[in-house]
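Structure first, commentary second.
The values are calculated or read from the model by the stated rules, or taken from the named source; none is laboratory data. In this text the structure is predicted, and so the values were computed from the model without any measurement. Positions of Cβ are generated from backbone atoms using ideal geometry, with glycine treated the same way; all protein chains shown enter the neighbour counts.
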Amino acid sequence: MQELALRSELDFNSETYKDAYSRINAIVIEGEQEAHQNYIDMAQLLPEDEAELIRLSKMENRHKKGFQACGKNLDVTPDMDYAQQFFSQLHNNFQTAKAEGKIVTCLLIQSLIIEAFAIAAYNIYIPVADPFARKITEGVVKDEYTHLNFGEIWLKEHFEASKAELEEANKKNLPIVWQMLNQVEKDAEVLGMEKEALVEDFMISYGEALSNIGFSTREIMKMSSHGLSA
Ligand code: Y39
Ligand code: FE
Ligand code: FE
Ligand code: FE
């Protein structure tokens, strides 16, 4: 009931809303841009899957354009410097893994962690979005499940050989996600998105992905606990 009362108070044209939107919208645009490039990079590391990965990279580029339109529609200028900073740690870790030819780490960062983050953010955003952004986000989130699924299937097929690298990459990158969630908490709340709901949705998607890949419940619990103190 309180949720409903809060939601009805959202004023998409208020300065408070637009100020928070200038950062969240930028984060999403930058995320889509980086995801676009990450799938192109992974296509180089996985020539067998090149056509599929290029198809996914093009979807990310369309997502970016959709979210740019959402910002314009609210007359908001996205703060792209803020967003680059927001993604810099995951970005650097992806770049390092790519340079070392560590495709398993690249897949964990982009196709599991970032996709699960996107799915959580978009699912929680849809019910509180302005009507224009809601329509766009509903289309986008369907694609993000396809992206997560690509990572799941590849890692499931290479599970035994990937397991140790996945555990290491999880330990290194999951704490960064908690920091990112903490950083975005206040702005998300202005948009009607609760951090608790974001964390819950993220852990459901990420945990389900780890399960589908082949990790046991015990292993998933252990991996999920990493970085909780961040
Ligand atoms: O695969 C993708 O399309 C992912 C790039 C997009 C990431 C979106 C990250 C959203 C975080 C927003 C946090 C708002 C509460
Ligand atoms: Fe996307
Ligand atoms: Fe995606
Ligand atoms: Fe709250």
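Worth pointing out:
- Scanning the range 136-174 for residues that are touching a helix residue (DSSP H, G or I) at 6+ places or on another chain (Cβ under 6 Å), closer than 17 Å to Asn38 by Cα and either among the acidic types (Asp, Glu) or without any contact (Cβ under 8 Å) to a residue 24 or more places away in the chain (or both) yields Asp143, Glu144, Glu152.
- Test: residue in the range 76-96 that is within 13 Å of ligand 1 (Cβ to nearest atom), free of Cβ contacts under 8 Å to residues at least 12 places away in the same chain and either aliphatic (A, V, I, L, M) or assigned to a helix (DSSP H, G or I) (or both): no
- Just one of the numbered conditions (1) away from ligand 3 (no atom under 16 Å from the Cβ); (2) surrounded by 13 or more Cβ atoms within 10 Å (Cβ to Cβ); (3) assigned to a helix (DSSP H, G or I) is not true of Phe202: (1).
- Selection within the range 18-66 - assigned to a helix (DSSP H, G or I), under 16 Å from Gln110 (Cβ atoms) and of a type in the set (A, V, I, L, M): Ile27, Val28, Ala35, Ile40, Met42, Ala43, Leu45, Leu53, Ile54, Leu56, Met59
- Yes/no for Phe132 being aromatic (Phe, Trp, Tyr), in a helix (DSSP H, G or I) and surrounded by fewer than 17 Cβ atoms within 10 Å (Cβ to Cβ): yes
- Here is the figure for the range 162-189: residues that are within 11 Å of ligand 4 (Cβ to nearest atom) and buried (at least 18 other Cβ atoms within 10 Å of the Cβ) total 1.
- The set of residues from the range 200-222 being among the acidic types (Asp, Glu) and either touching a Phe, Trp or Tyr at 6+ places or on another chain (Cβ under 6 Å) or closer than 21 Å to Ile153 by Cβ (or both) comprises Glu208, Glu219.
- Options Ile119, Ile153, Ile126: the member that is part of a helix (DSSP H, G or I), modelled with pLDDT of 95 or more and within 14 Å of ligand 3 (Cβ to nearest atom): Ile119
- Long-range neighbours under 7 Å by Cβ, at least six apart or interchain, first residue free of Cβ contacts under 8 Å to residues at least 12 places away in the same chain and more than 22 Å from His91 (Cβ to Cβ) within the range 35-53, second more than 16 Å from ligand 4 (Cβ to nearest atom) and among the aliphatic types (A, V, I, L, M): Glu50/Ala43
- With respect to being in contact (Cβ under 8 Å) with a residue 12 or more places away in the chain, closer than 28 Å to Glu52 by Cα, surrounded by fewer than 18 Cβ atoms within 10 Å (Cβ to Cβ) and not polar (S, T, N, Q), Gly207 fits the description.
Table: residues versus (1) within 11 Å of ligand 1 (Cβ to nearest atom); (2) within 15 Å of the chain's Cα centre (by Cα); (3) over 25 Å from Thr16 (Cβ atoms); (4) of a type in the set (Val, Ile, Thr).
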{"position": "His147", "(1), (2), (3), (4)": "yes, yes, yes, no"}
{"position": "Lys156", "(1), (2), (3), (4)": "no, no, yes, no"}
{"position": "Ser162", "(1), (2), (3), (4)": "no, no, yes, no"}
{"position": "Lys172", "(1), (2), (3), (4)": "no, no, yes, no"}
{"position": "Lys186", "(1), (2), (3), (4)": "yes, no, no, no"}
{"position": "Gly192", "(1), (2), (3), (4)": "yes, no, no, no"}
{"position": "Glu196", "(1), (2), (3), (4)": "no, no, no, no"}
{"position": "Thr217", "(1), (2), (3), (4)": "no, no, yes, yes"}
{"position": "His226", "(1), (2), (3), (4)": "no, no, yes, no"}
